[in-house]
Amino acid sequence: TRLSVTEDFYKIIKNEKKITIMVTHDIPESITMSDNVIVLSQRPATIKNVHNIHFDLANRTPLQCRDAPEFSNYFDKIWKELN
């Protein structure tokens, strides 16, 4: 259900051409939904890093991004940064 809602939300954002700011603790969600992922430090929060996210997909959707080869690279970089 969560993945279906994510797909729907992504389509709405793109169709409406809206800029959104999402706050999540879910690394895969942040990668598949975003053009940029901002990693924050522990409290007091400061910006640790900004990751520009790009997938070579014609019709990008969150589910397609999870299968793309770039996904694991983004995930590994962000995961290491959080530890």
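The values are calculated or read from the model by the stated rules, or taken from the named source; none is laboratory data. Just so we're clear, the structure is a prediction, and the values are computed from it rather than from any experiment. Backbone-built Cβ (ideal geometry, glycine too); neighbour counts: all protein chains shown. Accessible surface areas use protein heavy atoms only, side chains included; no ligands, DNA or RNA. Shrake-Rupley method; radii C 1.70, N 1.55, O 1.52, S 1.80 Å.
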*Among the residues of region 47-81, which ones are surrounded by 11 or more Cβ atoms within 10 Å (Cβ to Cβ) and touching a strand residue (DSSP E or B) at 6+ places or on another chain (Cβ under 7 Å)?*
48, 49, 51, 53, 74, 77, 78, 81
_Condition broken by residue 29, with the remaining ones in (1) surrounded by 12 or more Cβ atoms within 10 Å (Cβ to Cβ); (2) modelled with pLDDT of 95 or more satisfied_ = (2)
*Take residue 7 and decide whether it is open to solvent by less than 40 Å² (accessible area, probe 1.4 Å), touching a helix residue (DSSP H, G or I) at 6+ places or on another chain (Cβ under 8 Å) and not aromatic (Phe, Trp, Tyr).*
yes
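Conditions tested, residue by residue: (1) touching a His at 6+ places or on another chain (Cβ under 8 Å); (2) not in a loop (DSSP other than H, G, I, E, B); (3) not polar (S, T, N, Q).
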{"residue": "12", "(1), (2), (3)": "no, yes, yes"}
{"residue": "23", "(1), (2), (3)": "no, no, yes"}
{"residue": "39", "(1), (2), (3)": "yes, yes, yes"}
{"residue": "42", "(1), (2), (3)": "no, no, no"}
{"residue": "49", "(1), (2), (3)": "no, yes, no"}
{"residue": "54", "(1), (2), (3)": "no, no, yes"}
{"residue": "78", "(1), (2), (3)": "yes, yes, yes"}
*Please identify the pairs in which a residue from region 41-62 that is free of Cβ contacts under 8 Å to residues at least 40 places away in the same chain has its Cβ atom under 6 Å from the Cβ atom of a residue that is open to solvent by 100 Å² or more (accessible area, probe 1.4 Å) and not in a loop (DSSP other than H, G, I, E, B), counting only partners at least 6 apart or on another chain.*
41/48
